[in-house]
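This report refers to the structure that appears directly beneath it.
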């Protein structure tokens, strides 16, 4: 059964809103020794999948190729509330994002790309590996 967010509930509406507006998500992969490895990443929620761009030497790529099970966490409110955890299957594949998905990613992070001292074209060249994460579960409160 495909993953869906029930946006008719307050929780589902909040999840959808935050997936479209939050700028950082914590990606947790599993290393070769079975240890969780969380890291903050930039992401784009397409409504069905998460797109994360990576440099080719990123450890997260090796981890996902060895074990595709990942978790994505949005920051809470600092008081133990507004918790959103998405479980998923990650893939490092040749599936390139559509031009509109890539443009949406670059528009979302235009300021960050500039802070890195890169043009959008340089960013696309440097962060040329595409990670696609298909959600399999959702929890939180």
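The values are calculated or read from the model by the stated rules, or taken from the named source; none is laboratory data. Everything numeric here is computed off the predicted structure, so don't read it as measured data. Cβ coordinates were reconstructed from backbone atoms using ideal geometry, including for glycine residues, and neighbour counts include every protein chain displayed.
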Mind listing whichever residues of the range 66-113 are more than 16 Å from residue 19 (Cα to Cα), in a loop (DSSP other than H, G, I, E, B) and at pLDDT 95 or above?
67, 68
Those residues of the range 23-38 which are over 21 Å from residue 77 (Cβ atoms) and either surrounded by 15 or more Cβ atoms within 10 Å (Cβ to Cβ) or in contact with a helix residue (DSSP H, G or I) (Cβ under 8 Å, 6 or more places away or on another chain) (or both) amount to 29, 30, 31, 32, 37
Being modelled with pLDDT of 95 or more and farther than 18 Å from residue 41 by Cβ, is that true of even one residue in the range 128-136?
yes
From the list 20, 73, which residue is loosely packed, with under 13 Cβ neighbours inside 10 Å and closer than 22 Å to residue 130 by Cβ?
20
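Condition check ((1) within 24 Å of residue 3 (Cα to Cα); (2) in contact with a strand residue (DSSP E or B) (Cβ under 8 Å, 6 or more places away or on another chain); (3) in contact (Cβ under 8 Å) with a residue 60 or more places away in the chain; (4) surrounded by fewer than 16 Cβ atoms within 10 Å (Cβ to Cβ)) across all residues:
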| position | (1), (2), (3), (4) |
| --- | --- |
| 49 | yes, yes, yes, no |
| 61 | yes, yes, yes, no |
| 68 | yes, yes, no, no |
| 103 | no, no, no, yes |
Flagged in the range 105-138 as surrounded by 12 or more Cβ atoms within 10 Å (Cβ to Cβ) and more than 18 Å from residue 55 (Cα to Cα), in numbering order, are 108, 134, 135, 136, 138
